[in-house]
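In what follows, a structure is listed as structure tokens, so that the remarks can point back to it.
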Amino acid sequence: MRRFNFVYRRIDGCLTTLLLVVLACTASAEAQQPADFPFQAPLLDDFIKEFFHSTPEEQAALERIKIDVRAEQAYGKQMVESYLRMLKGQQVSIERRGADYRYLLALVQRVKPLMVQHRRYRKVNVYLARSTRFDARSFPGGHLVFHDGIFDWVESEAALVGIIAHELSHLDRGHQLRSMKRIQQLQSTSGHPAAFSPQAMFRNMKSMGKDFHPFHPADEATADFDSVTWTYRLGYDVRETIHMFARLSAENRKNRSVPGGVPSFLRTHPLNAERAAAIERKYRELFAERPRTELIVGQKNFQRRSPAKLP
Ligand SMILES: [Zn+2]
């Protein structure tokens, strides 16, 4: 790692050259892997993380870059299709029908109007993966994949809405578009306009192990913040999310892991009291601003897979 650090700092001015070298290396490494294995070795991922390390000013410049909707859709389509293919390869079936699916879809529709960019994500596709994992993921262009295991851990509609809102926040804030923005930035400064199409970009990002959930803890905190705000605004009891965290934390301490592994939306942020405390602080702040006495928990609604009536 140190050696890589040294090398890329020395040739900082030729990022494109280095990137192309990296892509060439990863392409050959990828070719040696079985076709259904979409991830790259962690060492390379670490290298890429360091390679992409940037200052707050560089980050701010990056956030200002606009990604074309169609390019995002093309990129997201490849990402979600690749992920679903991988799940199918693991004998996990994907459903887009049934009571669980309809329930998730109805709640997604309920949260979506609160997104700042709800017009950009006019259509959000929902997929239900029949696996015991407690996991939910969002993909560029507007795709959400929920694993069945969620229904084993969530106990109320309020907690499920919290998870949905968290995933929609990643989408709303373009957290998965940073790699794409970097490439666009690189492209505009390097004079290699034809080098990266969304398709090529997806292939390259995949080979670099950067595609699925490379979230920074700060992104997770922001997604939690939006989740609390939106959940409360809809009239749900945010404390249900805090209870869920507490149960997961207890299970984590007992078994050193939760069933099916730590869910992605908890993975990059420590599954600890700190995160629950941040959610609680935000909840108290919202309550002080606009006290609500009757908040929806929706335990029965959750059991019946029938969305609660909003106040
Ligand atoms: Zn997350």
Where Met205 falls short, out of the listed (1) at pLDDT below 90; (2) not in a helix (DSSP H, G or I): (2)
Strands (runs of 3 or more DSSP E) wholly inside region 111-197 containing at least 3 residues that are at pLDDT 95 or above: 125-130, 143-147
Those residues of region 84-104 which are open to solvent by less than 60 Å² (accessible area, probe 1.4 Å) and either farther than 14 Å from Arg133 by Cβ or under 19 Å from the mean Cα position of the chain (by Cα) (or both), in sequence order: Leu84, Met86, Leu87, Gly89, Ile94, Glu95, Gly98, Ala99, Asp100, Tyr101, Tyr103, Leu104
Selection status of Ala276, within 16 Å of the ligand (Cβ to nearest atom) and at pLDDT 60 or above: yes
Considering residues of region 133-162 that are within 11 Å of the ligand (Cβ to nearest atom) and open to solvent by less than 10 Å² (accessible area, probe 1.4 Å) only, the residue farthest from Leu107 (Cα to Cα): Asp135
Any hit, region 120-135, residues being of a type in the set (S, T, N, Q), within 19 Å of the chain's Cα centre (by Cα) and within 22 Å of Ala223 (Cα to Cα): yes
Test for Tyr101: is it at pLDDT below 95 and among the hydroxyl-bearing types (Ser, Thr, Tyr): no
Check on Ile296, modelled with pLDDT of 75 or more, within 15 Å of Ser156 (Cβ to Cβ) and out of contact with any Gly (no Cβ under 8 Å at 6 or more places or on another chain): no
Set Ala288, Ala246, Ala200: member being more than 15 Å from the ligand (Cβ to nearest atom) and modelled with pLDDT under 70: Ala200
Every pair of residues 6+ apart whose Cβ atoms lie under 6 Å, when the first sits in region 278-295 and is touching a residue at least 24 places away in the same chain (Cβ under 8 Å) while the second is open to solvent by less than 40 Å² (accessible area, probe 1.4 Å) and assigned to a loop (DSSP other than H, G, I, E, B): Tyr283/Val238; Leu295/Asp237
Subset of region 105-126 [open to solvent by 30 Å² or more (accessible area, probe 1.4 Å) and within 22 Å of Met180 (Cβ to Cβ)]: Val116, Gln117, His118, Arg119, Arg120, Arg122, Lys123
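The values are calculated or read from the model by the stated rules, or taken from the named source; none is laboratory data. Keep in mind the model is a prediction, meaning the values are calculated, not measured. For neighbour counting, all protein chains shown are included, and Cβ atoms are generated from backbone atoms with ideal geometry for every residue, glycine included. Note: areas computed on protein heavy atoms with side chains; ligands, DNA, RNA excluded. Shrake-Rupley method; radii C 1.70, N 1.55, O 1.52, S 1.80 Å.
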